[in-house]
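*Asks:* Just passing along the structure, written as structure tokens.
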Amino acid sequence: MDMDGMLALAVRLAGAAAAAITAVRAAGFVVERKRDHSPVTAADTIAEALIVEGLHESGLPVVAEEAHDASAMAVPDGPFWLVDPLDGTRDFAEGHDSFAVNIGLVRDGRPVLGAVALPAHGQVFSGLVGRGAWRLDAGGSRPIRVRPVPKVGAVAVVSRRHDRDPRIAAFAREHGATLLPLGSAEKLCRVAEGSADFSPRRGPTMEWDTAAPEAVLWAAGGRMADWDGAPLRYGKPGWRNPGFLARGA
């Protein structure tokens, strides 16, 4: 399967998982706790099973968040998929709309392709690094591109659970940016489409949280690096990311 085929597969599966999550939300669900005490619902497990089964068509290994002890999984040889079937489970469980489905393809330690569905918004973002990025919604598919950071009126999308971090507030003051709290991979998608300019993150994340949206962001002309300016690497032991700064043009 070539890269175009893998992108089409990721977009199709992200959309199907979004539909499954929406159905679970409409029917009602129980919130359970994983061993690390983070929340998990039927939407997580149903979406992951659907995605993992579908990705077998590509012939590539899949690392998915809800798999048994995913943080201890060995790094596959060669390209592999990184999947978060429901990024933002806590927001989903609390009734917020900022949650996502993330399907990213990693090659040589970097994300090269991504599909991110935002079920509550009816949108699927996709990107192929070096080729372009798109947003699919009820009106069809259109290319997206980051915007130049404005001298006045910049917007920084930040985690709703970290927006009180004094380092984030200092960053916003330095860049004259208004803070907009959002959850999940939606933050990077809003930078990629040009409706926001920065997404600063000081706390850690997991690689499956960022692989897909980072691919979309780079494909849309954006940039993302740790706070020392180094690109994030994927396939690290434990799959944990440092803090980072994502930005538009």
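*Asks:* Exactly one condition in (1) assigned to a strand (DSSP E or B); (2) crowded, with 17+ Cβ neighbours inside 10 Å; (3) out of contact with any helix residue (DSSP H, G or I) (no Cβ under 9 Å at 6 or more places or on another chain); (4) not aliphatic (A, V, I, L, M) is false for GLY194; which is it?
*Replies:* Condition (1) is where GLY194 drops out.
*Asks:* Which of the residues belonging to region 16-47 are in contact with a Leu (Cβ under 8 Å, 6 or more places away or on another chain) and surrounded by 18 or more Cβ atoms within 10 Å (Cβ to Cβ)?
*Replies:* In the first step, residues of region 16-47 are kept if they are in contact with a Leu (Cβ under 8 Å, 6 or more places away or on another chain); the result is 16-18, 20-21, 41, 43-44, 47.
Matches in region 16-47: ALA17, ALA18, ALA20, ILE21, THR41, ALA43, ASP44, ALA47.
*Asks:* Still on this structure, I have one more. Suppose we filter region 197-221 for residues that are open to solvent by less than 20 Å² (accessible area, probe 1.4 Å) and assigned to a loop (DSSP other than H, G, I, E, B); how many remain?
*Replies:* 4
*Asks:* Of the residues that make up region 151-167, is at least one surrounded by fewer than 19 Cβ atoms within 10 Å (Cβ to Cβ), within 15 Å of the chain's Cα centre (by Cα) and not small (Gly, Ala, Ser)?
*Replies:* No, because not a single residue in region 151-167 is surrounded by fewer than 19 Cβ atoms within 10 Å (Cβ to Cβ), within 15 Å of the chain's Cα centre (by Cα) and not small (Gly, Ala, Ser).
*Asks:* Just to check your reading of the model, which residue among HIS96, HIS121 is over 16 Å from LEU217 (Cβ atoms) and at pLDDT 95 or above?
*Replies:* Values: HIS96 fails: at pLDDT 95 or above.
Criteria check complete, one pass: HIS121.
*Asks:* Which one is modelled with the lowest pLDDT among residues in region 56-90 that are of a type outside the set (A, V, I, L, M, F, W, C) and within 15 Å of PRO237 (Cα to Cα)?
*Replies:* Here the residue is ASP69.
The values are calculated or read from the model by the stated rules, or taken from the named source; none is laboratory data. Being a predicted model, the structure only gives us computed values, none of them experimental. Positions of Cβ are backbone-derived with ideal geometry, glycine not excepted, and every protein chain shown enters the neighbour counts. Surface areas here come from the heavy atoms of the whole protein model, side chains and all, with no ligands, DNA or RNA. Shrake-Rupley method; radii C 1.70, N 1.55, O 1.52, S 1.80 Å.
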